[in-house]
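All remarks here apply to the structure that follows.
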Amino acid sequence: MALRSRMRTYVKRAQAAIEAGDKEKATAAFVEVQSVLDSSAGKGLIHANKAARQKSRMSARIKAL
């Protein structure tokens with residue numbers, strides 16, 4: 001349960017930074033969330049395609065800032 005909770009927390013932090021429009025903070029949070037998502041996918045917590053999709057969408061939103 002702790003791994004899923006950690007993953008969700010990092011994703012929420014990154015999304016909050018993106019919505020606030022803070023590109024530096026969003027980029028820093030995105031670097032952290034990439035590692036957490038890859039780790040979660042590697043452990044079978046989420047599907048690898050879901051991790052890739054989330055990273056891709058976040059990256060696109062950060063680039064649009």
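At a glance:
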{"read-out": "Most positive-pole-ward Cα, 14, 37, 48, against dipole of the chain from beta carbon charges", "value": "48"}
{"read-out": "Segment residue 9-residue 49, length gained on full extension (0.36 nm per residue, minus Cα span)", "value": "12.4 nm"}
{"read-out": "Cα-centre dipole for the chain with unit charges at Cβ (Lys and Arg positive, Asp and Glu negative), debye to 20", "value": "220"}
{"read-out": "³J(HN,Hα) computed for each position of the range 52-64 - Karplus, 6.51 cos²θ - 1.76 cosθ + 1.60, integer Hz, glycine/proline x", "value": "5, 5, 5, 5, 5, 5, 5, 4, 5, 5, 5, 5, 6"}
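Coordinate-derived values only; no laboratory data. All figures in this text were calculated on a predicted structure; none of them were measured in a lab. In this analysis, Cβ positions are derived from the backbone assuming ideal geometry, glycine residues included, and neighbour counts consider all displayed protein chains.
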